[in-house]
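Values in this text are rule-based calculations from the coordinates and carry no lab data. Note that this is a predicted model, so its numbers are computed, not measured. As a convention, Cβ positions derive from the backbone with ideal geometry for all residues, glycine included, and neighbour counts pool all protein chains shown.
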Amino acid sequence: MNTLTLFKVAAVALRVNLLRSILTMLGIIIGVAAVIIMLALGAGARYDVDQQIKSLGGNVFVIFARGRFSGGAREASGSSQGLTEMDALAIEQQIPQVNVAAPTMRASGQLIYGNMNWAPEIHGVDNRIYAAQSWQVVEGRTFSDTELASAARVAVIGQTVKRELFGAGDALGQTVRVNKMPVTIIGVLNGKGQNTQGNDQDDLIFMPLDTVRKRIAGLTLSSPKAVRSIIVQVEDERDMADVEQQMDSLLRQRLRSTDSEPPFRIRNLSEMIATRSETMQIFNGLLAAVASVSLLVGGIGIMNIMLVSVTERTREIGLRMAVGAEPKVIMKQFLIEAVLLCGLGGAIGLALAVAVSLSLQHFAGLTAIIELHVVLMSVGFSCLIGIFFGYYPATKAAGLQPIDALRYE
Amino acid sequence: MTTAVIATLALEKHYQMGGQHLRALKGVDINIAGGEFVAVMGPSGSGKSTFMNLLGCLDSPSLGRILLQGDDVSRLSAAQLARVRNKYIGFVFQQFNLLPRTTALDNVMLPLLYSNTPKHEAIRRATECLQLVGLAQRMDHHPAQLSGGQQQRVAIARALVNQPALLLADEPTGALDSETGLEIMQLFQQLHQQGKTIVLVTHEPDIAAFAGRQLTFRDGELIADKKTQPQNAAVALQQFRQQRLAQVSA
Ligand SMILES: Nc1ncnc2c1ncn2[C@@H]1O[C@H](COP(=O)(O)OP(=O)(O)O)[C@@H](O)[C@H]1O
Ligand SMILES: [Mg+2]
């Protein structure tokens, strides 16, 4: 009997017990779907990270002032020196490979407009921030030198803030209250959407550094020009290591730090993202491993049902043997049944995974990428499970003696 | 003398049951020539089925030999026995043993599936056999849609489809009423007239009378082997129906 005929015989046998076949397949379906979805989310996250690193150019450093920096006040013991705007300027001017070094300062506060309020990230910046973080002002303008120098009450807002406070209306020229202080909106940023971690990158507001320092943070600082961090963009990615060293020695010299632990910390952004994504990868891998356990359980379910099936069909097996089925043909028949169950389950699981991945992408905004090798592997693997767990029942069927099988009640 | 279709030499079958040794067959010598219609008789437990299973290569003897068309088949592997059954033996069972939820045609084609007969050829031969047993109109019926007699006819068609050298039937009328049993015997006689070699187990002398030769077993031994003038099943069936009519009108 050729293999194609055996496939037909197996398909008929599975159709006769349709409900049972489907229930048996369920374990494999769920297992395969879970594994594929986990791997798809993992691949999607990897893709997002790559994209993000690419969009950052992989050429950005962030220098943080070390120590607790609450409300903009530096409270570290030891060195009284913190990062300042002048450090940013020095980096930009003295290290030739640096494009731009943008000093920034964060604060928290409430925005109030009419009866609405909103709490975005508040960043004190100067006009270097646009180049350093690839922002564009799509409506209005950036800060003027006078505004920057005079701690003017002006702001450039992100798309989310605009949407939340003004809806479709015009934001330019409107006055909002930031911690009770009236601030005029002079510009709106382009939209960047969510980052890898699902954070909204557009939920922010820029104000001149001095405005944030003096009017919002309102704390005594170690220096009137203190900043919390400096964002540094390097011209060429290949110079990153060199620039990091130059910045380290420049800042140590400027801050007169001889400690093994200087009062600043230089972080490579793409490295930071990569580290965070690594944790996520491990987590995803763990979930995929858990999911593959359900595949194992599904396989055991297949074996159970195949054993029941062999017992139920003992007379049929006896008859097939009586009319000329060799033991190996009986064996093949049951193996093919098991493989068909698993292979079909795998295919349905794959379809389910595609559907779930698409809806996760559509409704939850996650990136899910189903790679071809994952598809081939999971369906192939479920067929292997069929062979593995179908082997024992098939051997049992093939080992029956025709007369005993025919007489079986 | 031409070689027998099947011959046994000092055939023995022993069973081991819970430490007890049972000699189910105690040295049976028999020769069945081509074209014979043989009935195997004997009380229950006398070894009839054991003997049939050995003739049909469903089982191997403990001692002695079986020659099928001159070839020794007593010491073959399970796979070799399967091939021999497929090629030379046709079985009819008391319980029909049809595959449920499978059409009559597919049931009849089953042996051909295992001999790798091309599909169109298999359909042609199965259709022929179903016509031969008078079921041309029922080819796509499932066993559950057929009467007992019709099911047994499908089973007979299945036994004939590989044109076996030997047709074996173990109590083929055992699960049928008298009239249907007579109809089936009529079919066997018809097949015999077409030249088939048939061995049929029954414990009813009435049924055995339709064969030309009766073997009688007792306690695993062949105690009688006689040839008789066979009764005509068609006549017996007619008489049976007339009698029943007489009873109804009386
Ligand atoms: N598989 C078996 N195992 C043990 N004993 C068996 C087996 N098959 C048959 N027997 C015994 O062999 C004897 C003959 O059985 P069988 O050939 O079936 O008799 P019959 O068909 O004439 O009624 C009986 O005593 C029966 O119990
Ligand atoms: Mg018997």
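Ordered by residue, what ³J(HN,Hα) values in Hz, to whole numbers, does region A:97-105 give under the Karplus form 6.51 cos²θ - 1.76 cosθ + 1.60, where θ = phi - 60° and Gly and Pro are x?
6, 8, 6, 8, 10, 9, x, 9, 8
In terms of Cα to Cα distance under 18 Å, which lysines are near enough to A:Lys162, apart from those fewer than 8 places away along the same chain?
A:Lys192
Which angle from 0 to 90°, rounded to the nearest 10, does the C-alpha axis of helix A:18-56 make with the longest principal axis of chain A?
It is inclined by approximately 20 degrees.
With a cut-off of at most 14 other beta carbons within 10 Å, and DSSP calling the residue loop, which trypsin sites (Lys or Arg not before Pro) in region B:78-142 qualify? Please list them.
Numbers: sites: B:Arg83, B:Arg85, B:Lys87, B:Arg101, B:Lys119, B:Arg124, B:Arg125, B:Arg138; in loops: B:Arg101.
Filter output for region B:78-142: B:Arg101.
Using the alpha-carbon atoms, what tilt in degrees (0 to 90, nearest 10) does helix A:240-254 show relative to the longest principal axis of chain A?
Once rounded, one gets 40 degrees.
Please state the charge dipole magnitude for chain B, taken about the Cα centre, from unit charges on C-beta atoms (+1 on K and R, -1 on D and E), reported in debye and rounded to the nearest 20.
Details: 23 positive and 20 negative charges, 69 e Å.
For chain B, the charge dipole is close to 340 debye.
Which Cα, out of A:Phe61, A:Ala325, A:Val297, lies furthest along the positive dipole direction of chain A (beta carbon charges, K/R +1, D/E -1)?
The residue sitting farthest along the positive end of the dipole is A:Ala325.
Once Rh is set to the Kirkwood radius over Cα pairs, what Stokes-Einstein translational diffusion coefficient, in µm²/s, holds for the protein assembly as shown at a temperature of 10 °C and a viscosity of 1.306 mPa s?
Numbers: Rh = 32.7 Å.
Translational D for this selection: 49 µm²/s.
Rank these for me by crowding, A:Ser134, A:Ser292, B:Ser77, going from fewest to most other beta carbons within 10 Å. Numbers along the way, then the final one.
Values: A:Ser134 14, A:Ser292 17, B:Ser77 11.
Result, fewest neighbours first: B:Ser77, A:Ser134, A:Ser292.
Quick check on the protein assembly as shown: helices-only [θ] at 222 nm, where DSSP H runs of length 4 and up contribute -39,500 (n - 2.57) each and the sum goes over total residues. Nearest 500, please.
Numbers: 20 runs with 311 residues, N = 659.
About -15500 deg cm²/dmol.
Taking amide hydrogens as modeled 1.01 Å from N in the peptide plane, which residues meet the under 5 Å criterion relative to B:Ala33, leaving out close sequence neighbours?
B:Val5
Give me the angle, in degrees from 0 to 90, between the Cα long axis of helix A:85-94 and the longest principal axis of the Cα atoms of chain A, rounded to the nearest 10.
80
With +1 on the Cβ of every Lys and Arg and -1 on the Cβ of every Asp and Glu, and nothing else charged, how large is the dipole of the protein assembly as shown about its Cα centre, in debye rounded to the nearest 20? Don't skip to the end; give the middle numbers.
Values: 59 positive and 55 negative charges, 209 e Å.
My answer is approximately 1000 debye.
Please order A:Asp145, B:Asp177 by the number of other Cβ within 10 Å, starting at the fewest. List each step's numbers first, then the result.
On the way: A:Asp145 9, B:Asp177 12.
Sorted ascending by nearby Cβ count, the order is A:Asp145, B:Asp177.
Show me, bin by bin at 10 Å from 0, the whole-percent P(r) of region A:67-262 based on Cα pairs.
9, 33, 34, 19, 5, 0
Can you tally the net charge around A:Thr311? Count Lys and Arg as +1, Asp and Glu as -1, for every other residue whose Cβ sits under 13 Å from the Cβ of A:Thr311.
On the way: positive: A:Arg313, A:Arg315, A:Lys396; negative: A:Glu312, A:Glu316, A:Asp404, A:Glu409.
Neighbour charge sum, excluding A:Thr311 itself: -1.
Only loop residues by DSSP count here, and only those with at most 15 other Cβ atoms within 10 Å; note down the trypsin sites (Lys or Arg not before Pro) in region A:133-230 that meet that. Present the calculation step by step, with values, prior to reporting the outcome.
Numbers: sites: A:Arg141, A:Arg153, A:Lys162, A:Arg163, A:Arg177, A:Lys180, A:Lys192, A:Arg213, A:Lys214, A:Arg215, A:Lys225, A:Arg228; in loops: A:Arg141, A:Arg153, A:Lys180, A:Lys192, A:Lys225, A:Arg228.
Taking region A:133-230 and a limit of 15 other Cβ atoms within 10 Å, the loop trypsin sites (Lys or Arg not before Pro) found are A:Arg141, A:Lys180.
Among the lysines, select those whose C-alpha is under 16 Å from the C-alpha of B:Lys26, and discard any that sit fewer than 8 residues away in the same chain.
List returned: B:Lys13, B:Lys48.
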